[in-house]
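Taken together, the values in this text are just the output of simple stated rules run on the coordinates, not laboratory data. Bear in mind the structure is a predicted one, so any value in this text is a computation, not a measurement. Here the Cβ positions follow ideal geometry from the backbone for every residue, glycine too, while neighbour counts run over all protein chains shown.
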Amino acid sequence: MKSIVVFYSNRGNNKYLSENIKKRTGSDIFEILEVKKSSSLSLFMYIILKKKAKLQETNIDLSKYDHVIFIAPIWASGIAIPLLNFIEKEKGKIKSYSFATLCLGTPRVEEKAAKQISTLIGKDPVAITALKYNDVLPENEKNTIKASNNYMISDTDYEAFTVQVGRFLSRIGEV
């Protein structure tokens, strides 16, 4: 099966996840880039005002792939707008897909993400997983805005997620 990891990462955490999944699967990889990196104001405009992200032009052809592994952060309980805008443009070329995120871990995040992405693409994901960094934070930092805004994944933190990533990849036949 020919697969590709397609990801958007604003601060680098989901890029880290994407690169590790690429290493484990041998998949191709493609990064969605904005014309101008999102600021706090941009995030507000995307989330509250439903503004579209301005993405850099791409020449990727998803129809060449049997499976697409989408990876992006979760913003205000929804998948990051730049990934959703990319999918909107490319959805007719997607044969099969899965979704993964490295996020704080709000309640029912997998369920909400699955509904959002399947509604957009018109078919259900093969697999979905949310690696919740709230699970690896020290007790005094759990569920805090400051920790959420400042979190950067480390190799040690990622090790805590390797079993979950392995289960995700096995569900899509990539292990």
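Straight distance only, please: which lysines reach the Cα of K54 with their own Cα at less than 23 Å, same-chain residues fewer than 8 apart left out?
Output for K54: K15, K36, K37, K89, K91, K93.
State the Cα centre-to-centre distance between the range 48-114 and the range 1-30 in whole Å.
13
Over 20 Å, how big is the tail of the calculated P(r) for the range 49-143, in percent of all Cα pairs?
39
Beta carbons within 10 angstrom, averaged per residue: use that to sort the peptides 66-79, 110-123, 133-146, highest first.
By packing density, highest mean first, the sequence is 66-79, 110-123, 133-146.
What net charge is computed for the residues neighbouring A130, neighbours being all others with C-beta under 13 Å from the C-beta of A130, Lys and Arg scored +1, Asp and Glu -1?
Within the 13 Å Cβ shell, the charges total +1.
So how much slack lies between E88 and D124, counting 0.36 nm per residue of separation and subtracting their Cα-Cα distance, in nm?
11.5 nm
Could you tell me which of rounded, prolate or oblate describes the range 105-175, using a ≥ b ≥ c as the square roots of the eigenvalues of the alpha-carbon gyration tensor, with rounded for a/c under 1.5 and, failing that, prolate when a/b is larger than b/c and oblate otherwise? Don't skip to the answer; put the middle values down first.
Numbers: a/c = 3.04, a/b = 1.46, b/c = 2.09.
Oblate is the answer for the range 105-175, as a/c is 1.5 or above yet b/c matches or exceeds a/b.
In the P(r) worked out for the chain, what percent of Cα pairs fall beyond 28 Å? Walk me through the intermediate numbers first.
On the way: 2641 of 15225 pairs.
Here the tail beyond 28 Å accounts for 17 percent of pairs.
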